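Undergrad: Have a look at this one.
What follows draws every value from the coordinates through simple rules; no lab data is involved. Everything quoted here is computed from the prediction, not taken from an experiment. Neighbour counts run over all protein chains shown; Cβ positions are idealised from the backbone, glycine included.
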Ligand code: AMP
C-alpha cells in the first residue's frame with residue numbers, strides 16, 4: 001500500500017488537528033522528491049522520534065536560480081510514494097503550488113549573515129526561497145520536530161536559526177549524510193549525471209577527505225586546497241564554486257583546525273553542481 005498523498009492544506013490540517021488533539025507529536029521531513037536512501041534515513045529518524053510523520057514533497061520554484069535548473073530537476077512522484085510505503089509514513093504532503101504560494105503571495109523570509117557565504121554567495125536568493133518555504137511547511141504541518149540532512153549543512157544552519165529566531169516551536173534535528181558505496185553523497189541531482197560523470201563524481205569526496213587529513217596533520221591550507229582543486233580538474237570537474245574550511249556553528253572562514261570545523265565544497269561536473277561537506281577533527 002502506498003503512503004496517503006495529501007494535496008490540500010485543509011485536508012492536511014484536519015489530520016494534524018486530530019493528531020494534536022490526541023496529544024501526539026508530529027515530525028516533518030521536507031523534501032523536493034526524487035527520494036533516495038538519504039531521504040529515507042530522515043524518515044526513519046522522524047519515525048523513531050515522533051508519533052506521526054509527514055513527508056513533504058515540493059519542488060520549490062523560489063529556491064532555483066534558473067528556469068532550466070527548475071525544469072530539469074527530477075520528478076518521480078509515483079516511485080517516491082512507493083519508496084515511502086514500507087516506512088509507515090502518516091501523510092505525504094505534495095501541495096498543489098497554490099497551497100504554498102497563493103495568488104498575491106509577497107512575503108519573503110530572509111536569514112542574514114549565514115546566507116551571505118558558500119551556496120548563498122553563488123546562488124543569490126536561494127536561501128530566501130528555502131527559508132520562506134520551510135517557514136510555510138513548518139506552520140502548515142504544525143510539526144514539533146523537523147528532520148534535515150547534514151548533506152546540506154548550510155541549509156541546516158539556516159533552518160535551525162530561523163526556527164529559533166521566529167519562535168516557530170519546531171526542533172530542527174540534523175541527520176548524517178548517507179553515501180553511495182564509493183563515497184558519493186546521495187543526492188537527487190546524481191540522477192542528472194551521465195554514466196561517465198557518475199564514475200568520476202566520488203572524486204569530490206575523496207579530494208575533500210585528503211584535504212581534511214592534510215589539515216589535521218598540520219598541512220598548509222592553501223597548498224592542500226590547490227592539490228584538491230588539481231585533483232578535481234583531473235577528474236573532469238569544470239569549476240569549483242567553493243572548497244572552504246569553516247567553523248561549525250557560524251560558518252566563519254578558517255585556515256587551521258583550532259575548533260570544530262567543516263570542509264564544504266560545491267563543484268561542477270558535466271553541467272551538474274554537486275555539493276558535499278565533511279567534519280574535520
Ligand atoms: P532535497 O530533496 O534535496 O531538498 O533534500 C531533502 C532533505 O534530505 C534535506 O534535508 C537534505 O539535506 C536531505 N538529504 C539529501 N541528501 C541526503 C543524504 N545523502 N543524506 C542525508 N540527508 C540527505
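Undergrad: In which sequence would 158, 89, 199 go, from the one with the fewest C-beta neighbours within 10 Å to the one with the most?
TA: In increasing order of surrounding Cβ atoms, one gets 199, 89, 158.
Undergrad: As a footprinting exposure proxy, order 16, 29 by other Cβ within 10 Å, with the fewest listed first.
TA: Listing 16, 29 from fewest to most nearby Cβ atoms yields 16, 29.
Undergrad: Express in nm, to one decimal, how much length is gained between residue 230 and residue 189 on full extension, taking 0.36 nm for each residue of separation and deducting their alpha carbon distance.
TA: Between residue 230 and residue 189, full extension yields an extra 12.4 nm.
Undergrad: Given the -39500 (n - 2.57) contribution per DSSP H run of 4+ residues, what per-residue ellipticity at 222 nm results for the chain, rounded to the nearest 500 deg cm²/dmol?
TA: -11500 deg cm²/dmol
Undergrad: Another question about this same structure. Pairing the Cα long axis of helix 37-49 with the longest principal axis of the chain, what angle in degrees results, from 0 to 90 and rounded to the nearest 10?
TA: 50 degrees
Undergrad: So, in Å, what gap is there between the alpha-carbon centers of segment 73-99 and segment 23-65?
TA: Using only Cα atoms to place each centre, the spacing works out to 9 Å.
Undergrad: Quick check: from the Cα gyration tensor, does segment 216-281 come out rounded (a/c under 1.5), prolate or oblate?
TA: oblate
Undergrad: Along the Cα→Cβ direction, 7 angstrom out, place labels at residue 11 and residue 247. What is the inter-label distance in nm?
TA: With each label point 7 Å from Cα toward Cβ, the separation is 4.7 nm.
Undergrad: Assuming a ≥ b ≥ c are the square roots of the Cα gyration tensor eigenvalues, decide whether segment 5-175 counts as rounded (a/c under 1.5), prolate (otherwise, with a/b larger than b/c) or oblate.
TA: It comes out rounded by the Cα gyration axes.
Undergrad: Give me 135, 25 ranked fewest to most by other Cβ atoms within 10 Å of their Cβ, as a rough exposure proxy.
TA: 25, 135
Undergrad: Something else now. Please say if segment 169-281 is rounded, prolate or oblate, where rounded means a/c under 1.5 for a ≥ b ≥ c the square roots of the C-alpha gyration tensor eigenvalues, and otherwise the choice is prolate for a/b larger than b/c and oblate otherwise?
TA: It comes out oblate by the Cα gyration axes.
Undergrad: If you don't mind, there's one more thing I want to ask. With a cut-off of 8 Å between alpha carbons and a minimum separation of six or more residues, what is the relative contact order of the chain in percent?
TA: Relative contact order, the chain: 17 percent.
Undergrad: Mind checking the angle between helix 9-21 and the chain's longest principal axis? C-alpha axes, 0 to 90 degrees, to the nearest 10.
TA: Helix 9-21 and the main axis of the chain meet at about 80 degrees.
Undergrad: Suppose the chain between residue 222 and residue 196 were pulled fully straight at 0.36 nm per residue; how much longer would it get relative to their current alpha carbon spacing?
TA: Contour length minus Cα-Cα distance gives 6.4 nm.
Undergrad: What is the extension gain from residue 164 to residue 21, computed as 0.36 nm multiplied by their sequence separation minus the C-alpha to C-alpha distance, in nm to one decimal?
TA: Between residue 164 and residue 21, full extension yields an extra 49.0 nm.
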